[in-house]
Amino acid sequence: MQVTVRAKPGSRRGPLVETDDDGTLVVHVRERAVDGVANAGLERALAEHFGVAPSRVRVVRGHASRTKRVDVDL
């Protein structure tokens, strides 16, 4: 399954997954957006949210953007 998420790197609220008014998942992560560290934190947060192993979640589009397309293997 692919989902669109909006990342909030460097957030004090993280790790937290919320649903926006338009149905987009908003993922708050504590990690900064440096060298893909925030993307790894986002993948871990989504894995916990969906109840799957972190290896089953990966960013497929938008690695350098706040809006990302993420593949979740349920």
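The values are calculated or read from the model by the stated rules, or taken from the named source; none is laboratory data. Note that the structure is a prediction, hence the values are computed from the model and not measured. Cβ atoms come from the backbone with ideal geometry, glycine included; neighbour counts cover every protein chain shown.
Every residue in the stretch 25-61 that is under 13 Å from Ala7 (Cβ atoms), out of contact with any helix residue (DSSP H, G or I) (no Cβ under 9 Å at 6 or more places or on another chain) and modelled with pLDDT of 95 or more, please. Those that are under 13 Å from Ala7 (Cβ atoms), out of contact with any helix residue (DSSP H, G or I) (no Cβ under 9 Å at 6 or more places or on another chain) and modelled with pLDDT of 95 or more: Val26, Val37, Ala38, Asn39, Gly41, Leu42, Ala45, Arg61. Taking the criterion of being of a type in the set (Lys, Arg) and free of Cβ contacts under 8 Å to residues at least 24 places away in the same chain, the residues of the stretch 15-57 that qualify are Arg30, Arg32, Arg56. Selection of strands (runs of 3 or more DSSP E) fully inside the chain by the criterion of at least 1 residues being surrounded by fewer than 15 Cβ atoms within 10 Å (Cβ to Cβ) and more than 11 Å from the chain's Cα centre (by Cα) returns 2-8, 16-19, 57-61. Filtered by the rule that a residue be touching an Asp or Glu at 6+ places or on another chain (Cβ under 6 Å) and of a type outside the set (A, V, I, L, M, F, W, C), the stretch 17-53 gives a lone residue, Gly41.
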